[in-house]
Structure formats: C-alpha cells, structure tokens
Amino acid sequence: MTSSRLLVRLPTRRAALAAPLALTSLVSVASLSACGPNAAGSGDSGDAESGDLRFAWWGNTTRDELTRTALEAFQDIEPDLTVSAEPGDWSGYWDKLATQVAGGDAPDIIQMDEGYLAEYSSRKILLDLSTTDFDTDGIDPDALDAGMVDEGLFAVNAGINAPVLLANPDLFEAAGVDMPDDTTWTWEDLLEIATKISENTPEGTYGVQQFGAAGGPPLSVFLRQLGADRFGPDGVGYTADQLEKWMDFALELQDSGAAPPASVAVEEAGQSVDQALFAVGKCAIQAQWSNQVVTLDAALDGKVVILRMPSMTGSAADAQLWYKASMYFSVAATSQKQDDAVALVDWLLNSVDAGKILLAERGVPANLEVREAIVPELTDSDLKAVDFIEAIADELGEAPPLTPPGGGAVDDALARHVEDVLFGREKPAEASAAVIDEASGLLG
C-alpha cells in the first residue's frame, strides 16, 4: 500500500451566501439541525472536567476515546497546560453550546458543523483563525476553503467525508438478495431491493432507513439530482415541486414496507448512530457520512459495505456526490486563552503524532503530510472510508453552498412537515408548499 491513496483533493466550495440575518435570540441557534438525526453521539455529556482549556465536541465512544488519548499526548508536550474535555451527544450538544454562549461561558475550542458555521461566525462567536499563528501551510487549500466565511477562516476542516449508504451484508444474505452494483443502481432499484429484504426477514427488520425522517445526506443528494440544493443565494434552493418528489419517495418507502412505519422512523431519528436500527442489525441500509463506517463497522463485526447513493439515471457520474468537511475545529472569540487554544487546534490538525492517534474517525485528514503518515496505522474500517473517498473522486459534483443563518430552522420545518406526511396528516403537495412558505420567514 502506498501513501498516495490519501492524497485526495477537495472541490472548491462555492462562495458563501449573502450576509447573515440576526436571530431573535442566541439560544435559537440550538434549533439548527445540519447533520440531522443519527449523527454520532456519546450519550453522556456530563460535567466539564477542571482544566485551563475547555474543548467541546460531539461524538461516539470511539471518538471520545481517541480524542482523550490525543489530549493526553498534547499535555505530555505542554505539561503546564491542562485541557478539560466536554464531549456530548449530537442531540444535546447544540442546546448546551447555545446556552453556554448566551451566558458568556463558551468552551475555548468548539467542534463545529457546516450547518452552524455561518450562524456562529456571523454573530462574532468564533475567532478568525487567519488573524492568528495557526499554520495553514500543510493543509489542502480546498479543505481550508471549506472553513472560510466572508474571507475569514472561522473553522478548520477536521476531516473529509462524503454522503454514503452503508449496507449490512448479513441481512442481504438472509433475505436472498444480492448486493447492488452501486455504480448503476437507481432510487427505484433501492426501493425494490429494500422491499424484498423487509419481506424476507423477520418482522421488525427493514430493508432501508426511512430517509424522509432522517433527512440529511439522502435529501441533499436527491435534490441535487433534480438540479436543486438545500439552499441557494436567494433562500431555499429547491421548489415545492422538487420537494414534493422527495416526499412522494418517502411515502413509497413507507407504503411498500421497505422502510419502518412512521412511529418507528420518527423515534429512530432522535437516536444516536450507535443505537440506530442499522447498528443493532435490524436495518439493511442506512444513510450516513463516510467517516461513520468506523463506528458502525465496530458494531457489525467489521462487515459493513459502503455504497454510493443511487442516481436517477443509473450512472454514478450523475449521483452528484461531493466531499464535505465532516466537522471543524473552531476557537471561541471570547476565549481568554486564545493562543493556547489555537496551539491545540494546530497540533490536532498538523501534528503527525496527533494524526496517528485520531486516524480517520473524523474523516480523511486535511493535512497532506498527516494523510501520508497515518496510512500504516489505519484500520480496515478506516481504509473502507478512504477507499470510498478515492473511488468517487472522478464522479463528484460541485460542493453545495454553506448553510445560511436560519437554515437549520428551515430544515426543522421540513422535518416537521415530512413527519406529518408520513403520519398521513398532510399530503406531499400541501406539505411541500408549506415548507417553501415558511422558509421565506425563517431566512428573511
């Protein structure tokens, strides 16, 4: 194996959207939902440990363990500086962070997400790292670009990932269904395959996750294949007709039995990734980001298969996948120890020693030297993610626009209306029109 497998380039992000809009209160930032349900969660945020620097992140057990090990290694080289760890669930992380920020008690280092970046940077909550001693020389320029907002570097890319479907081959085998050719399959093929798996496995086992309730990657990919995006320069990036097609597909998944019923799907949408039906062997296909294969592979004895999202044409070149920053590291503008916080972020991203601890759990490293150096250390699960990132390099679409302030509230409204459709309280056409109508007020 050669180190070249990790020298992946990211597409340049489109320019950031227009100037952010003010919220009625800072705590409303917590309503944003960029990564959607089933994002990784450790399940226990607990109280912050005592220390000089406070570092907050959301994560799973694996991420928690690796991050703590990295922090211990950092303190070996900076013995006079201690770091308190503040891990938490995705579901509770943003509520807690918004409350901390509103109270003037933000952590020094904040694990940041794309869906929150424009909001937090526009409110001067994040430090512009381009004004500090943070070393950007070794970082892939396009990966660096992903953390830019209005010419400022408010976050640095902690890892590269892409939208994927994860498959459990044991359930395919149990149902007598072949694994698909993911370079040629369509959404109709997915529906047919998942329906057969549901029919040929015990009750309570399903062919596919209910994408409508999950939102996130499959929604974005579906819309992109219709020539749309979640957001555009003037607001939402899709029409009511385009969104109606998505809601129709969600209903097909439910009515065919391919996906779980609404009550099960909605309950699952609030769970962490390691508690999802897929993780416990009750669902054959789940949408995720590619770095999550590391966690889910551990839950399924290393058997997880990564698949491309389907296309509408039967060609992977039309799937409109993209490289995304799995998450970022940011420094609070209010930190009283900004130099130390920047030094820690610099070490996490630019140090080979840190890279060999963190590996690819947060995604493929943005620092090119670190990518090369960690190859011998990667697990089979890490390599699955890396190999997928390489495999789709020639199939990528342009990266979508940054989620604007208020975008999370739009996603929340969309999720609420999709839920109403799944429970039969609304028709897809009226629900889609309602989302478009509400979005104009939430973004403007």
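Listed by chain and number, the aspartates and glutamates whose C-alpha is less than 12 Å from the C-alpha of Lys337, apart from same-chain residues fewer than 8 away, are Asp52, Asp108. In the chain, the portion of solvent-accessible area held by carbon and sulfur atoms comes to 48 percent [1.4 Å probe, whole percent, DNA, RNA and ligands not counted]. Which net charge results for the neighbourhood of Lys303, defined as the other residues with beta-carbon distances under 11 angstrom from its beta-carbon, given Lys and Arg at +1 and Asp and Glu at -1? Its environment carries a net charge of -4.
The order of the peptides 371-379, 77-85 by mean Cβ neighbours within 10 Å, most packed first, is 371-379, 77-85. Only Lys, Arg, Asp and Glu carry charge here, each on its Cβ (+1 for the first two, -1 for the last two); on that basis the chain has a dipole of about 540 debye about its Cα centre.
Taking the three principal axes of the alpha carbon atoms in segment 281-392, the coordinate ranges are 52, 30, 29 Å, sorted in descending order.
Ranking Pro261, Ile285, Met247 by Cα position along the charge dipole of segment 218-290, where only Lys, Arg, Asp and Glu carry charges on their C-beta atoms, puts Ile285 farthest toward the positive end. For segment 168-318, taking the reciprocal of the average inverse distance between every pair of different Cα atoms yields a Kirkwood hydrodynamic radius of 15.8 Å. Helix 380-391 axis versus longest C-alpha principal axis of the chain: approximately 80°, rounded to the nearest ten.
Which whole-number percent gives the relative contact order of segment 223-334, counting Cα pairs below 8 Å spaced six or more residues apart? The partial results should precede the final answer.
Details: 63 pairs, mean separation 19.7, N = 112.
Dividing the mean separation by the residue count of segment 223-334 yields 18 percent.
Here Lys427 is the anchor, and the lysines within straight C-alpha reach of less than 16 Å, apart from those fewer than 8 places off in the same chain, are Lys245. The stretch between Leu81 and Asp387, if pulled fully straight at 0.36 nm per residue, gains 106.4 nm over its current Cα-Cα span.
Please figure out what share of the DSSP beta bridges in the chain is antiparallel and state it in percent, rounded to the nearest 5.
Working: 24 of 34 bridges.
Beta bridges within the chain, antiparallel portion: roughly 70 percent.
Placing unit charges on the Cβ atoms of the charged side chains and taking the dipole of the chain about its Cα centre, the candidate lying farthest along the positive direction among Ala56, Trp347, Phe222 is Phe222. When the alpha carbon gyration tensor of the chain is reduced to an equivalent ellipsoid, the three semi-axes, largest first, read 33, 25, 20 Å. Compared with the dominant Cα axis of the chain, that is its longest principal axis, helix 428-443 is turned about 20°. Between Pro401, Pro310, Pro365, the GNM of the chain built on Cα springs shorter than 10 angstrom shows Pro401 fluctuating the most. Kirkwood analysis of segment 120-201, using all unique Cα-Cα pairs, places the hydrodynamic radius at 16.7 Å.
Counting only helical runs of four or more DSSP H residues, what would the 222 nm mean residue ellipticity of the chain come to if each run contributes -39,500 (n - 2.57) and the total is spread over all its residues? It would help to have the intermediate numbers written out before the result.
Values: 17 runs with 179 residues, N = 444.
Dividing the helical sum by the residues of the chain leaves -12000 deg cm²/dmol.
Candidate cross-link partners of Lys303 among the aspartates and glutamates, defined by an alpha-carbon separation under 19 Å and a same-chain spacing of 8 or more, comprise Asp170, Glu173, Asp178, Asp181, Asp182, Asp274, Glu361, Asp380, Asp382, Asp387. Its Cα centre serving as origin, segment 312-416 has a Cβ charge dipole (Lys and Arg +1, Asp and Glu -1) of approximately 380 debye.
Name the residue, out of Val331, Val177, Val345, whose mean-square fluctuation peaks in a Gaussian network model built on the chain with Cα pairs under 10 Å. Answer for the Gaussian network model of the chain: Val177.
Using a cut-off of 24 Å between Cα atoms, the listed pairs Lys324/Lys384; Lys282/Lys356; Lys282/Lys384 include Lys282/Lys356 as exceeding that distance.
Let me make sure I get this right: for segment 336-436, a, b and c are the square roots of the gyration tensor eigenvalues over alpha carbons, sorted descending. Under 1.5 in a/c it's rounded, otherwise prolate if a/b > b/c, else oblate. Which is it? List each step's numbers first, then the result.
On the way: a/c = 3.04, a/b = 1.88, b/c = 1.61.
The shape class here is prolate.
Computed about its Cα centre, the charge dipole of segment 63-131 is approximately 260 debye, with only Lys, Arg, Asp and Glu carrying charge at their Cβ. Using the 1.4 Å probe convention, the accessible area of the chain works out to 37 Å² per residue with neighbouring protein chains retained. Ligands, DNA and RNA excluded, the heavy atoms of Asp412 present near 60 Å² of accessible surface to a 1.4 Å solvent probe.
The values are calculated or read from the model by the stated rules, or taken from the named source; none is laboratory data. In this text the structure is predicted, and so the values were computed from the model without any measurement. As a convention, Cβ positions derive from the backbone with ideal geometry for all residues, glycine included, and neighbour counts pool all protein chains shown. Protein only, heavy atoms only, side chains kept; ligands, DNA and RNA dropped before computing areas. Shrake-Rupley method; radii C 1.70, N 1.55, O 1.52, S 1.80 Å.
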